Amino acid sequence: ALITLRQLLDHAAEHAYGVPAFNINNMEQGLAILRAAERCDAPVILQASRGARSYAGDIMLRHMVQALAEMFPDIPIVMHQDHGNNDATCLTAIRHGFTSVMMDGSLEEDMKTPASYDYNARITARVTAAAHAVGASVEGELGVLGSLETGEAGEEDGSGAVGKLSHDQLLTDPDQAVDFVMRTKCDALAIACGTSHGAYKFSRKPDGEILSMKTIAAIHDKLPDTHLVMHGSSSVPQELQDIINAYGGDMPQTYGVPVEEIERGIRMGVRKVNIDTDCRMAMTGQFRKVATENAAEFDPRKFLIPAMDALEALCADRFDRFGTSGHA
Ligand code: G3H
Ligand code: 13P
Ligand code: NA
Ligand code: ZN
């Protein structure tokens, strides 16, 4: 059944577990994620970006999620808008059956320009009031996601360069977070702690200099009852890089957020963990493998079945390691 983000994260906080939020664009991703959830007895957060909504179409996404809820009746499902950029994006998502939205006011509507604190607080408060009036949940974001190594933003919602960011912008300020949650009444808060979107997060295994878990601890200290969200939480596993590169891929060596760091984050109050890149890599590794090993193959299902299996395995691993398993 569909539930709200607030319902799920309240339960997660009560039982001290984290929930991965997997991006979804098509039926195969939906089936793979839900098969993993069923296997692990885990609740799920499915999230669609603006890009996913234009790729699949709102009507297709709505019926797909309804179909998944019908096929997997025992699994609680949150359907969430990832990185909503304005009121219209968030409200049309809710109209299409999403039970939760992210109003990302850390950037201006163009998703390229860092926004003022006041802009962010006002738009997030406005969207939260509207969403709450119809029973949907809201995630806000304070701080701009980007690399502490280079000061570059990652691919925030895939829309490209933000320009050089200061250390201050890249780490959420705990006192400001308290004010933001009070002003906006958001249900969950995405924070910046050195992660960025996409595969190229770190040029080495991250340490405390470039991945600031102490920022999370400081925020949780001041906001013990707020559900914290970590974006850019793909681990970019070496084995997935290796599979892609073994079958004709050309991905430069890179490092993501180690799963054990995410586990630490969950102990410090992180409840929602956004993962897209790892899911993409799990599927694409299998596409490349099938294409290379059987160059005569032209049935898409022969590509998609191993790709779904690899995604299911990845999701099951995250459910187990984040403590989500057993909580459906
Ligand atoms: O935050 C970005 C997510 O990975 C979604 O990416 O906008 O290319 O669908 P997308
Ligand atoms: P990754 O690119 O690390 O998977 O992050 C996804 C994300 O934060 C979606 O909002
Ligand atoms: Na989100
Ligand atoms: Zn994100």
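Using 0.36 nm per residue of separation minus the Cα-Cα distance, give me the extension gain between residue 167 and residue 59 in nm, one decimal.
This chain segment gains 34.8 nm when fully extended.
Among the DSSP beta bridges whose two residues both lie in the range 5-321, what percent are antiparallel, rounded to the nearest 5?
Restricted to the range 5-321, the bridges split so that about 10 percent are antiparallel.
Sort 191, 244 so the one with the fewest other Cβ atoms within 10 Å of its own Cβ comes first.
Ordered by Cβ neighbours within 10 Å, fewest first: 244, 191.
Work the Kirkwood hydrodynamic radius out for the range 228-315: mean of 1/r over every pair of different alpha-carbon atoms, inverted, in Å.
The Cα-based Kirkwood calculation yields 14.0 Å.
Are any of the pairs 214/272; 164/214; 112/222; 164/201; 112/205 more than 25 Å apart by Cα-Cα distance, and if so, which?
Violating the 25 Å Cα-Cα cut-off are 112/222; 112/205.
Relative contact order of the chain: what whole-number percent is it, with Cα pairs under 8 angstrom and at least 6 residues apart?
Relative contact order comes out at 21 percent.
Using the Karplus equation 6.51 cos²θ - 1.76 cosθ + 1.60 (θ = phi - 60°), what ³J(HN,Hα) coupling, rounded to whole Hz, does each residue of the range 35-51 give in order, writing x for Gly and Pro?
So the J values, rounded to whole Hz, are 5, 5, 4, 5, 4, 9, 6, 10, x, 10, 10, 9, 10, 10, 7, 4, x.
Quick check on the exposure proxy: order 3, 94 from fewest to most C-beta atoms within 10 angstrom.
So the residues, fewest neighbours to most, are 3, 94.
Could you please state, rounded to a whole Å, how far the C-alpha centre of the range 248-263 is from the C-alpha centre of the range 272-299?
Computed from Cα coordinates, the inter-centre distance equals 16 Å.
Near the amide H of residue 141, under 5 Å away, which other amide H atoms are found, from residues 5 or more places off or on another chain, if H is placed in the peptide plane?
Distant-sequence amide H within range of residue 141: 105, 106, 190.
Can you give the helix-only mean residue ellipticity at 222 nm for the chain, where every DSSP H stretch with n ≥ 4 adds -39500 (n - 2.57) and the sum goes over all residues, rounded to the nearest 500 deg cm²/dmol?
So the helix-based figure for the chain works out to -14500 deg cm²/dmol.
Using just the Cα positions, wrap the chain in a convex hull and report its mean projected area in square nanometres, one decimal place.
Mean orientational projected area (the chain, Cα hull): 15.0 nm².
Would you mind computing Rg(Cα) / (2.2 N^0.38 Å) for the range 10-120, counting N as its residues?
1.14
Obtain the nm distance between the two label points defined at residue 263 and residue 10 by a simple spin-label model: each point lies 7 Å from its Cα along the Cα-to-C-beta direction.
3.0 nm
Could you give the length gained on full extension between residue 122 and residue 292, defined as 0.36 nm per residue of separation minus the Cα-Cα distance, in nm?
Length gained, residue 122 through residue 292: 56.0 nm.
What residue among 17, 5, 64 has its Cα farthest toward the positive end of the dipole of the range 1-142, where the charges are +1 on Lys, Arg and -1 on Asp, Glu, each on the Cβ?
Going by the Cα projections, it comes out as 64.
Residue 83's amide H: which non-local residues (gap 5+, or another chain) put their own amide H closer than 5 Å, with H modeled 1.01 Å from N in plane and none for Pro or chain starts?
Residues meeting the amide H criterion: 102.
In debye, nearest 20, what is the charge dipole magnitude of the range 5-321 about its Cα centre with +1 on Lys and Arg Cβ and -1 on Asp and Glu Cβ, if you could check?
That gives the range 5-321 a dipole magnitude of about 320 debye.
In cubic angstrom, how much convex hull volume per residue do the alpha carbon atoms of the range 192-263 span?
83 Å³
Which residue, 245, 292, 266, has the largest displacement toward the positive end of the dipole of the range 221-299 when charges sit on each Cβ (Lys, Arg +1; Asp, Glu -1)?
Farthest along the dipole direction, towards plus: 266.
Take the alpha carbon atoms of the range 1-71, find their center, do the same for the range 205-225, and report the distance between the two centers in whole angstrom.
Taking the Cα centre of the range 205-225 as reference, the centre of the range 1-71 is 27 Å away.
Convex hull over the alpha-carbon atoms of the range 247-286: what's its volume per residue in Å³?
79 Å³
Neighbour counts of other C-beta atoms within 10 Å: give me 213, 103 arranged from fewest to most.
In order of increasing Cβ crowding within 10 Å: 213, 103.
Once the piece of chain linking residue 209 and residue 152 is laid out straight, how much longer is it, given 0.36 nm per residue of separation minus the C-alpha distance between them?
Extra length from residue 209 to residue 152 when fully extended: 19.0 nm.
Every number in this text was worked out from the coordinates using simple rules, so none of it is lab data. From a predicted model like this one, the values you see are computed outputs, not experimental measurements. Here Cβ is always computed from backbone atoms with ideal geometry, including for glycine, and neighbour counts include all displayed protein chains.
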